[in-house]
Number of protein chains: 2
Amino acid sequence: MTVTDIALVGIGKIARDQHIPAISADPAFRLAATVSRSGGVDGVENHADLPALLAARPDIPAVSLTMPPVPRYAAATAAIAAGRHVMLEKPPGASLAEVLKLDRQARARGVTLFATWHSRHAEAADAARDWLADKAIRSVRIDWKEDVRKWHPGQDWIWQPGGLGVFDPGINALSLVTKILPVQLHLTEATLSFPENRAAPIAAALAFAGPDGLSAEAAFDWRQDGGEVWQIEIGTDAGTLTLVEGGARLMIDGTEQTVEAPGEYPSLYRRFAELIEQGESDVDPEPLIHVADAFMLGGRETVAAFND
Amino acid sequence: MTVTDIALVGIGKIARDQHIPAISADPAFRLAATVSRSGGVDGVENHADLPALLAARPDIPAVSLTMPPVPRYAAATAAIAAGRHVMLEKPPGASLAEVLKLDRQARARGVTLFATWHSRHAEAADAARDWLADKAIRSVRIDWKEDVRKWHPGQDWIWQPGGLGVFDPGINALSLVTKILPVQLHLTEATLSFPENRAAPIAAALAFAGPDGLSAEAAFDWRQDGGEVWQIEIGTDAGTLTLVEGGARLMIDGTEQTVEAPGEYPSLYRRFAELIEQGESDVDPEPLIHVADAFMLGGRETVAAFND
C-alpha cells in the first residue's frame, strides 16, 4: 500500500477528538506535519501557518483542513494552487459560491478535493440507504438536539455571522438524510431562533416538501438538557426506519439491525485515500444548499440571551 | 415562423408593464390565455387558477409564470408535469433546492425551462460582456438604489420571508454582473438592514472576492429619494466601464457607447422561443446563490420601521 504523507491544519477539538486518531489508525496515511498557532501534536513537526507549511514541505501531497468555515476558503485555495490534495471538514465553506469555486479550482489543477460530511459515514448510513432504496417514503422527522455548552465549549466562531449557529450540528442531519433518502426534498418553511445577544440561531424548525405530497420536518436545538438526541425517523410503506445516535444505530419497526462499518472519521480517511488513488473529487453542496435556503427563506424570532 | 400559443400566469404589475407588451410584439408567440384571480386582459380567455388552465387548454404548449417566488414552485411543477414549456420570472424560486429540482423535472419531462434574469437582457449587457472579456478586472462597484414605494407599491409579499426584500431588485444587479464579468466572485461579507417591523431587508451592503486579490462591493437600498440609481462600475487595465440605468446604457471612460438590442422583455421572449425551438433549457442559479450566501453569511442590523 502507498502511504501518503498528510498535514493536518487546525488543531482544535475536532482534530484531537477525531482526525488524529483516524489518521493514526489508517495505514494509507502518515501524519507528517501540523499547522497550529496554539500548539501542535507531540512528536509531529508544526508550522505556524499554512503558507509556511506549503513552502517548507513541498513533499507533503495532502492536507486536511479542520479550521472554522470562514477562514477555510483562503487555505483551501492556497493548498490547491500548491498542487495538494485537500480534505475539508464540514461545512465545506462559509458560502455556497466559494464551495463551487473550490470545486472548479481543484478540477483545473488536477488535484483531489474531498468536501466531507462525516455523518454520511455513520455506521448505519449505508444500511439505511440500502433499506430505503425501494420503499415509498411517507414521512420524515428529524430531531437534532444537543447542549451547545458540552459540544462547542468556548467556540466563539459558531456565534459569528458565517458560523451557522445550530446549523453547525444540524447540517450533519441534513447531510445524512440527503444521503439515505431515495427522493429529493426542498425547504418550504423555516423559523430560526436567534438569542437576543447573538448573530447566529440557537434553534431552528424546518419544513420540507418532497414528491407526491411528502412533507418532512426537522427540529434543531442547542438548548438540550439531559443528553443529546440525534435521530431521524422515516415512515415508509414497509415500516418505520429510525436512525439514532447520529446514525450509529439503526432500527426497523423498533428492532435493532446489525450494522458493520469502521466509524465516521476512519471511513472519511479511507474515502480520501480512494479519491486520491482514483484521481477524483467528491464535492456535494446539497446539505449547505438547504442551510442557505433556511437562512434566505426562513422567518426569525428573538429568544432569550445565551451566555456561555 | 411557428407561432406558439402561450399562457401568462399572474397578471400583476410586471405582467402588465412588461410581459404583455413583449408577447404582443413578438411574432413567435400568441397570448392565448391568462390565469388571474383578480381579472385578466381584455379579449383574452382567463382562468381562475393554473390547474383549471392546464385542464381546459391542453393545446397551449407554453406558460410564463410571473407570480411571486413562494407560490411559483407548485405552479412550475404542475406545468412541467403537464408537459408545458415554462418561463419563470426572476428569482426562479424561493429556495435554491426547488430551482435545482425544477431543472431536473424539466429535463426528465423533455420540456424547456427558462429561468429568466431580465437584467441580463438589458440593452448594453452583451456589449459590456464583450468589452470586458479580455480585460484585467481591478475593481467592481455596484449601486442599486430605488424607492420601494415607487417600484413595489402595495406588494406585501416582498416583505415576507422568502420575498427577499431589497434583494428582489438587487438580484438584477447580481444577474447582470455575473453575466458580464470574465471572472467569478464569491461573497465574503454582508450586512443586511431589517426595518424593525419587517421580515425582509430594506438595504444591504455586500463584499465579494475574486481572483488575484480582486474585491467587489455592492450597495442595495430601497430608501432612495430623488430617482433610482442602477449602476455598475468596473475598473480594468484598459479603463473604466460603467453601466447605468440598469444596463440600458454603457460608458467607457465616460464616453457613451452605441448599443443596439431589443430591450429586456422582448429579448427574453425571443430567447424563450429559441430554447423551445432547440429543445433546451436555460437555468443558471448563480445570482440566487449569491443572495442565499448573503442571508447565510451576512450580519444583521435593525433599522427604522418601514410603513407604506
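The values are calculated or read from the model by the stated rules, or taken from the named source; none is laboratory data. Keep in mind it's a predicted model, so treat the numbers as computed, not measured. So basically every Cβ, Gly included, is an ideal-geometry build from the backbone, and we count neighbours across all protein chains shown. The accessibility values were calculated without ligands, DNA or RNA, using every heavy atom of the protein model including side chains. Shrake-Rupley method; radii C 1.70, N 1.55, O 1.52, S 1.80 Å.
Assorted remarks:
- Applying a threshold of 7 Å to beta carbon distances and a minimum spacing of six or more residues, or different chains, the list of pairs starting in region A:289-303 at a residue that is facing chain B (nearest Cβ under 7 Å) and ending at one that is open to solvent by 20 Å² or more (accessible area, probe 1.4 Å) and of a type in the set (Val, Ile, Thr) reads A:298/A:191; A:299/A:191.
- Residues considered: B:129, B:84. Of these, the only one that is farther than 25 Å from residue B:157 by Cα and in contact with a helix residue (DSSP H, G or I) (Cβ under 6 Å, 6 or more places away or on another chain) is B:129.
- Which listed residue is over 30 Å from residue B:77 (Cβ atoms) and in contact (Cβ under 8 Å) with a residue 40 or more places away in the chain, from A:202, A:180, A:171: A:202
- All told, residue A:48 meets the bar of being out of contact with any helix residue (DSSP H, G or I) (no Cβ under 6 Å at 6 or more places or on another chain), open to solvent by 30 Å² or more (accessible area, probe 1.4 Å) and of a type in the set (Gly, Ala, Ser).
- Hits in region B:90-103 (condition: assigned to a loop (DSSP other than H, G, I, E, B), surrounded by 24 or more Cβ atoms within 10 Å (Cβ to Cβ) and out of contact with any Asp or Glu (no Cβ under 7 Å at 6 or more places or on another chain)): B:91, B:92, B:93, B:94
- Selection of region B:111-152 for residues being assigned to a helix (DSSP H, G or I) and either open to solvent by 50 Å² or more (accessible area, probe 1.4 Å) or among the charged types (D, E, K, R) (or both) yields B:120, B:126, B:129, B:130, B:131, B:149, B:150, B:151.
- Among the residues making up region B:240-266, those that are assigned to a strand (DSSP E or B) and surrounded by 15 or more Cβ atoms within 10 Å (Cβ to Cβ) are B:240, B:241, B:242, B:243, B:244, B:249, B:250, B:251, B:252.
- 1 or more residues under 19 Å from the mean Cα position of the chain (by Cα) and of a type outside the set (A, V, I, L, M, F, W, C): qualifying strands (runs of 3 or more DSSP E) within region B:1-72: B:62-65
- Residue B:43 surrounded by fewer than 17 Cβ atoms within 10 Å (Cβ to Cβ) and not assigned by the TED database to the domain that holds residue B:158: yes
- Of all the residues in region B:220-235, those that are touching a Leu at 6+ places or on another chain (Cβ under 7 Å) and free of Cβ contacts under 8 Å to residues at least 12 places away in the same chain number 0.
- Residue match in region B:236-244 (condition: among the acidic types (Asp, Glu) and touching a residue at least 24 places away in the same chain (Cβ under 8 Å)): yes
- Selection from region A:178-188 of residues that are surrounded by fewer than 20 Cβ atoms within 10 Å (Cβ to Cβ) and either in contact with a Gly (Cβ under 7 Å, 6 or more places away or on another chain) or facing another protein chain (nearest Cβ under 8 Å) (or both): A:183, A:184
- Whichever residue in region B:268-282 is surrounded by fewer than 17 Cβ atoms within 10 Å (Cβ to Cβ) and in a loop (DSSP other than H, G, I, E, B) and, among such residues, is farthest from the other protein chains (Cβ to nearest Cβ): B:279
- Any chance residue A:82 is in contact (Cβ under 8 Å) with a residue 24 or more places away in the chain and open to solvent by less than 10 Å² (accessible area, probe 1.4 Å): no
- Qualifying positions in region A:8-26 - touching a strand residue (DSSP E or B) at 6+ places or on another chain (Cβ under 8 Å), among the hydrophobic types (A, V, I, L, M, F, W, C) and in contact (Cβ under 8 Å) with a residue 60 or more places away in the chain: A:9, A:23
- Within the option set B:124, B:128, being in contact (Cβ under 8 Å) with a residue 60 or more places away in the chain, closer than 30 Å to residue B:280 by Cα and either touching a Gly at 6+ places or on another chain (Cβ under 7 Å) or among the hydroxyl-bearing types (Ser, Thr, Tyr) (or both) holds for one residue only, B:124.
- Of residues in region A:62-76 being away from chain B (no Cβ under 14 Å) and out of contact with any strand residue (DSSP E or B) (no Cβ under 6 Å at 6 or more places or on another chain), the one least open to solvent (accessible area, probe 1.4 Å): A:66
- If the condition is being open to solvent by 10 Å² or more (accessible area, probe 1.4 Å) and under 18 Å from residue A:168 (Cα atoms), then region A:228-239 contributes A:228, A:229, A:230, A:231.
- Against the criterion of being more than 14 Å from every other protein chain (Cβ to nearest Cβ), touching a residue at least 12 places away in the same chain (Cβ under 8 Å), surrounded by fewer than 20 Cβ atoms within 10 Å (Cβ to Cβ) and not aliphatic (A, V, I, L, M), residue B:217 qualifies.
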